[in-house]
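Enquirer: Provided herewith is a single structure, encoded as C-alpha cells, for subsequent inquiry.
Nothing in this text is a laboratory measurement; each read-out follows from the coordinates by a stated rule. Everything quoted here is computed from the prediction, not taken from an experiment. Glycine gets a Cβ as well: all are built from the backbone with ideal geometry, and neighbour counts include every protein chain shown.
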Amino acid sequence: MKICVIIPLYNEELYLEKTLDSFINQIQNVDKLILVNDNSSDNTNSIAKNYSKKYDWIELVQNNSANKHIPGKKVINAFYNGLETISKNDYELIGKFDGDIELPPIYFKRIREMFSENKSVGIAGGNLYIHDKGKWIFENISNKKKVRGPIKTYRKECFDDIGGLKKSIGWDTVDELLAQYHGWQICTDESLHVKHLKPTGNTYTKASRHKQGEAFYKLRYGVVLTIIASAKLSYKKRSFDYFIDCLRGYAKAKNSAVEPIVSKKEGSFIRKLRWTGIKKKIL
C-alpha cells in the first residue's frame with residue numbers, strides 16, 4: 001500500500017534529525033515524505049533541506065504563517081499546504097506526523113499490515129512514549145486505543161469521509177469520532193512504541209488551555225461532558241488551573257456563539273459514544 005506522510009514543522013531543530021533518521025531506517029519505508037517548514041525561526045529549514053537533497057522521496061515545502069504556536073489551526077494549515085502538492089488518488093494511506101518523534105524500524109511495515117488485514121480500519125498507529133526519570137513511559141494523556149496527533153495514518157477513503165482534518169484545536173479527537181460515525185474502526189498496535197521527544201503541551205500557554213475548552217464546545221460535548229473531560233485532563237496534567245482554564249474556554253466559546261465543527265447529528269453521536277465509554281469504565 002502506498003503511503004504519503006506529511007510533517008508540518010515549526011522550530012523542531014532539536015528533534016528533527018532523529019525523526020527523519022527514524023523514517024530513513026524503516027524496514028518498509030513510506031513512498032513519499034513531505035516536510036512543510038511552517039515559518040520556523042531556527043535551523044529547521046536547513047536541516048529539512050539537507051535531507052530533501054539527499055533522498056529523492058523526501059520533499060520540502062515552504063508555508064508562511066504566524067511566527068507563533070497556535071494549537072490546531074497552524075499545524076493543519078501547514079498539513080494542507082503539503083497535501084496540495086500531491087494527488088491523493090496516488091496513495092492508499094495518508095499520514096500526518098510531527099517532527100519530534102522517533103519511530104521503531106518496523107513501524108510502517110506494521111501500519112501497512114494493519115490496514116491490509118482489516119478493510120474496516122480507517123485510522124491506525126502506535127503509542128507515544130516520553131522519557132521520564134531515565135526510562136521511557138507511556139504518555140498517559142489518553143488511552144492506548146487512541147491514535148495520537150503526532151502519528152496519524154488514514155485510509156484515503158476514511159480521510160475523505162470525515163471531510164479531512166479540521167483546522168481547529170481538537171482536530172485529532174474529532175477525526176476519530178467522525179471516523180466511527182461513518183463506520184470506520186480505529187486501530188492501535190500497542191507494541192509500536194514511538195518516542196515522543198517533546199511531550200504534549202510543553203509549549204501550551206493559558207490561552208492554549210482556553211482553546212482546549214473551546215474545542216469541547218466545538219465538539220458539542222455539552223456542559224457535563226466538558227466538566228468530566230476537563231477534570232480528566234487536569235488530573236493527568238496535575239494542574240487544577242488546567243481544569244479552570246478549560247471551563248473558561250468553553251464558557252467563552254458558548255457566549256461568543258463560536259461555530260461548532262460537527263453537525264447536530266454528529267454531535268449527538270459523539271455524546272452518546274462518550275457516555276457509552278464512561279459507563280463501561282464505571283461498570
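Enquirer: Note the full-extension length gain between Lys198 and Arg271 as 0.36 nm times their separation in residues minus their Cα-Cα distance, in nm to one decimal.
Expert: 23.2 nm
Enquirer: Extending each Cα 7 Å along its Cβ direction at Ile24 and Lys167, get the distance between those two points in nm, one decimal.
Expert: If labels sit at Ile24 and Lys167, their model points lie 3.4 nm apart.
Enquirer: Among Ile227, Ile261, rank each residue by its count of other Cβ atoms within 10 Å, from fewest to most, as a rough exposure measure.
Expert: Ascending Cβ contact count within 10 Å gives the list Ile227, Ile261.
Enquirer: Now, a different point. Apply 1/(1 + (r/R0)^6) to the Cβ-Cβ distance of Gln62 and Arg248, taking R0 = 30 Å, and write down the FRET efficiency to the nearest 0.05.
Expert: 0.25
Enquirer: Considering the options Ala124, Asn43, Thr19, tell which one lies farthest towards the positive end of the dipole of the chain, charges being +1 on Lys and Arg and -1 on Asp and Glu at the Cβ, about the Cα centre.
Expert: Ala124
Enquirer: Which residue, Ala207, Ile94, Tyr55, has the largest displacement toward the positive end of the dipole of the chain when charges sit on each Cβ (Lys, Arg +1; Asp, Glu -1)?
Expert: The residue sitting farthest along the positive end of the dipole is Ala207.
Enquirer: Using unit Cβ charges (K, R positive; D, E negative) and no other charged atoms, how large, in debye to the nearest 20, is the dipole of the chain about its Cα centre?
Expert: 1420 debye
Enquirer: Right, next: For the pair Lys280 and Glu113, what calculated FRET efficiency results from E = 1/(1 + (r/R0)^6), where r is the Cβ-Cβ distance and R0 = 25 Å, to the nearest 0.05?
Expert: The pair Glu113/Lys280 has a calculated efficiency of 0.35.
Enquirer: Could you pull out the pairs from Lys119/Lys146; Lys32/Lys211; Lys49/Lys166; Lys73/Lys119; Lys166/Lys265 whose alpha carbons sit more than 22 Å apart here?
Expert: Check vs 22 Å cut-off fails for Lys32/Lys211; Lys49/Lys166; Lys73/Lys119.
Enquirer: Enter the angle in degrees (range 0 to 90, nearest 10) between the Cα long axis of helix 44-54 and the first principal axis of the Cα atoms of the chain, meaning the one along which they spread out most.
Expert: Rounded to the nearest ten degrees, it is 40.
Enquirer: On to the next question. Under the classification rounded if a/c is under 1.5, otherwise prolate if a/b is larger than b/c and oblate if not, where does segment 158-283 fall, given a ≥ b ≥ c as square roots of the Cα gyration tensor eigenvalues?
Expert: rounded
Enquirer: Roughly what angle does helix 240-255 make with the longest principal axis of the chain, taking Cα atoms, 0 to 90 degrees, to the nearest 10?
Expert: Roughly 80 degrees, rounded to the nearest 10.
Enquirer: Calculate, in nm to one decimal, what Ser87 and Met1 gain on full extension: separation in residues at 0.36 nm each, minus their alpha carbon distance.
Expert: Length difference between fully extended and current span is 29.4 nm.
Enquirer: Additional query: Is segment 129-172 best put as rounded, prolate or oblate by its Cα gyration tensor, with a ≥ b ≥ c the root eigenvalues, rounded for a/c under 1.5, and otherwise prolate when a/b is larger than b/c, oblate when not?
Expert: prolate
Enquirer: Counting helices only, and only those DSSP H runs with n ≥ 4, report the 222 nm mean residue ellipticity of the chain as the sum of -39,500 (n - 2.57) divided by its residues, in deg cm²/dmol to the nearest 500.
Expert: That comes out to -13500 deg cm²/dmol.
Enquirer: What list do you get for Val61, Val75 if you sort them by fewest beta carbons within 10 Å?
Expert: By the 10 Å Cβ count, ascending, the order reads Val61, Val75.
Enquirer: Round to the nearest 10 and give me the degree value, 0 to 90, for the angle of helix 223-237's Cα axis relative to the longest principal axis of the chain.
Expert: 50 degrees
Enquirer: Still on this structure: In what sequence do Met114, Met1 fall when counting other Cβ within 10 Å, fewest first?
Expert: With the fewest neighbours first, Met114, Met1 line up as Met1, Met114.
Enquirer: Taking the Cα centre of segment 206-282 as origin and charging only Cβ (+1 Lys, Arg; -1 Asp, Glu), how large is the dipole, in debye to the nearest 20?
Expert: 320 debye
Enquirer: Assuming R0 = 30 Å, what is the FRET efficiency of Asp42 and Lys135, from their Cβ-Cβ distance, to the nearest 0.05?
Expert: Step by step, r from the Cβ atoms, then E = 0.55.
Enquirer: Taking square-rooted eigenvalues a ≥ b ≥ c of the alpha carbon gyration tensor, is segment 3-196 rounded, prolate or oblate, where a/c under 1.5 means rounded and, failing that, a/b exceeding b/c means prolate?
Expert: Because its axes are fairly even, with a/c under 1.5, segment 3-196 counts as rounded.
Enquirer: Are any of the pairs Lys133/Lys254; Lys206/Lys264; Lys152/Lys237 more than 32 Å apart by Cα-Cα distance, and if so, which?
Expert: Lys133/Lys254
Enquirer: With a point put 7 Å past each Cα toward its Cβ, work out how far Ile228 is from Asp31 in nm, to one decimal.
Expert: Computed distance between label sites Ile228 and Asp31 equals 4.2 nm.
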